[in-house]
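A.B. asks: Starting off with a structure, shown below.
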Amino acid sequence: MPACPVAVLGEALVDEFHDGAVAGGAPFNVARSLAGLGAPTVFISRIGADDDAGRCVRASARRYGLSEAGLQQDARHATGRVSVVEDAGGHRFVIHDDAAWDHLDLDAACRTLAPADAGFVYFGSLAQRHATSRATVRAWVKRCAGIRVLDLNLRPGADARLLAAESLMLADWVKLNEEELAQLADGFALAAPDDAGRVAALMARFSLERLVLTLGARGWRFYGTGGALLASGPGVAQPQVVDTVGAGDAFTAMLLAGLSLGRDLDATLSLANRYAAFICGVRGPLPPDPVALQPWRAALHALPAAA
């Protein structure tokens, strides 16, 4: 059976660390990992027509074997930039406003890949911060005939609850970490004594088919209809943590790659957890040399097929 193509919609940008800039943005991280892992991927984003950050994005796409066909060129808006502030092993982001990815064009996106041709679509909430890209992402996702996977990127603001709700209503599957689940439980007044209860309430409220909850060093849980726990796994130690940037994106990418390639789901989730731990040992969201992904690609392709 041929692999199902994965469409990835959202921001491509550069993360500016104290020691240099690297290409980033959760959707771009996911798309590059997917390409490096050998899953058919179409990435739809928008960058500046002629700036250093855009050249960095294009070069990184090429490095990981990701097609540039879906990278729209914007002559009026610059490629997105994020200042990364690190402290005590963690990090926070300062995301600069009115970037090229805030102005995604729907017609260009549909010319890159017709929504009906995608087996899966990944989308997030950050790319919907501006009205133009919000309309494009939602229109494309609504037309998609495949499974719609949401990776929330919650940010402070009065409209955060509405944005989360509208995104969740579009999704079939959602990936969250513990902090995001707590934020949603608070924002939507999900009265439950524990994570399992909060997951069940959230899934019922938004008619979600599946939910992946990542727990950092404590592993992951995978929930089905009604909040039933379908699978879980322990954490994986990373003895040399460099930063945690992109760990959640790595988990999501491996999951999508396994789904696209028709691999066993439990085995894929376990591998996704190990891959996320690996990413914590490198600077930024991906290793600088794509050769480092080859063992992960081999491991993925060696997994048993889904029953």
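A.B. asks: Out of the residues in region 3-15 that are over 17 Å from residue 136 (Cα atoms) and in contact with a helix residue (DSSP H, G or I) (Cβ under 9 Å, 6 or more places away or on another chain), state the one that is surrounded by the fewest Cβ atoms within 10 Å (Cβ to Cβ). Steps first, answer last, please.
C.D. replies: Here is the first cut: in region 3-15, the ones over 17 Å from residue 136 (Cα atoms) are 3-6, 13-15.
Filter once more, keeping what is in contact with a helix residue (DSSP H, G or I) (Cβ under 9 Å, 6 or more places away or on another chain): 3-6, 13-14.
Numbers: 3: 15, 4: 18, 5: 18, 6: 29, 13: 30, 14: 26.
Step by step, filter region 3-15, then rank; the result is 3.
A.B. asks: Let me ask another. Taking the conditions exactly as written (on the phi > 0 side of the Ramachandran plot, open to solvent by 20 Å² or more (accessible area, probe 1.4 Å) and out of contact with any Phe, Trp or Tyr (no Cβ under 8 Å at 6 or more places or on another chain)), does residue 139 satisfy them or not?
C.D. replies: Answer is no for this residue.
A.B. asks: Can you tell me how many residues within region 43-68 are touching a helix residue (DSSP H, G or I) at 6+ places or on another chain (Cβ under 6 Å) and over 22 Å from residue 279 (Cβ atoms)?
C.D. replies: 5
A.B. asks: While we're here: Could you check residue 11 against (1) in a loop (DSSP other than H, G, I, E, B); (2) at pLDDT below 95 and say which number it fails?
C.D. replies: Going through (1) in a loop (DSSP other than H, G, I, E, B); (2) at pLDDT below 95 one by one, residue 11 breaks only (2).
A.B. asks: Could you please give the count of residues in region 105-133 that are charged (D, E, K, R) and without any contact (Cβ under 8 Å) to a residue 40 or more places away in the chain?
C.D. replies: Residues meeting the conditions: 3.
A.B. asks: Go through the residues of region 35-43 one by one and say whether even a single one is touching a Phe, Trp or Tyr at 6+ places or on another chain (Cβ under 6 Å), touching a residue at least 12 places away in the same chain (Cβ under 8 Å) and more than 23 Å from residue 292 (Cα to Cα).
C.D. replies: no
A.B. asks: If a residue must be modelled with pLDDT of 95 or more and within 15 Å of residue 11 (Cα to Cα), how many such residues does region 87-108 contain? Talk me through it step by step, then tell me what you get.
C.D. replies: Step one: list which residues in region 87-108 are modelled with pLDDT of 95 or more, which gives 99-108.
Those still in the list that are within 15 Å of residue 11 (Cα to Cα) too: 99-106.
So the answer is 8.
A.B. asks: On the given criteria, is residue 297 part of a helix (DSSP H, G or I), without any contact (Cβ under 8 Å) to a residue 24 or more places away in the chain and touching a Leu at 6+ places or on another chain (Cβ under 6 Å)?
C.D. replies: no
A.B. asks: Among the residues of region 253-266, are any in contact with a strand residue (DSSP E or B) (Cβ under 6 Å, 6 or more places away or on another chain) and over 18 Å from residue 147 (Cβ atoms)?
C.D. replies: Within region 253-266, none of the residues are in contact with a strand residue (DSSP E or B) (Cβ under 6 Å, 6 or more places away or on another chain) and over 18 Å from residue 147 (Cβ atoms).
A.B. asks: Which members of region 79-114 meet the condition of being open to solvent by 60 Å² or more (accessible area, probe 1.4 Å) and among the hydrophobic types (A, V, I, L, M, F, W, C)?
C.D. replies: Selection gives 88, 93, 94.
Listed here are the residues, each with its yes/no results for (1) open to solvent by 20 Å² or more (accessible area, probe 1.4 Å); (2) assigned to a loop (DSSP other than H, G, I, E, B); (3) touching a Pro at 6+ places or on another chain (Cβ under 6 Å).
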| site | (1), (2), (3) |
| --- | --- |
| 29 | no, no, yes |
| 39 | no, yes, no |
| 50 | yes, yes, no |
| 60 | no, no, no |
| 65 | yes, yes, no |
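A.B. asks: Could you say whether any residue in region 137-146 is of a type outside the set (A, V, I, L, M, F, W, C), over 17 Å from the mean Cα position of the chain (by Cα) and within 29 Å of residue 39 (Cα to Cα)?
C.D. replies: Yes; the residues of region 137-146 include at least one that is of a type outside the set (A, V, I, L, M, F, W, C), over 17 Å from the mean Cα position of the chain (by Cα) and within 29 Å of residue 39 (Cα to Cα).
The values are calculated or read from the model by the stated rules, or taken from the named source; none is laboratory data. Given the structure is predicted, the values throughout are model-derived calculations rather than measurements. Counting neighbours? That spans all protein chains shown, and the Cβs are built from the backbone with ideal geometry, glycine included. Calculation scope for accessible area: heavy atoms of the full protein, side chains included, ligands and nucleic acids excluded. Shrake-Rupley method; radii C 1.70, N 1.55, O 1.52, S 1.80 Å.
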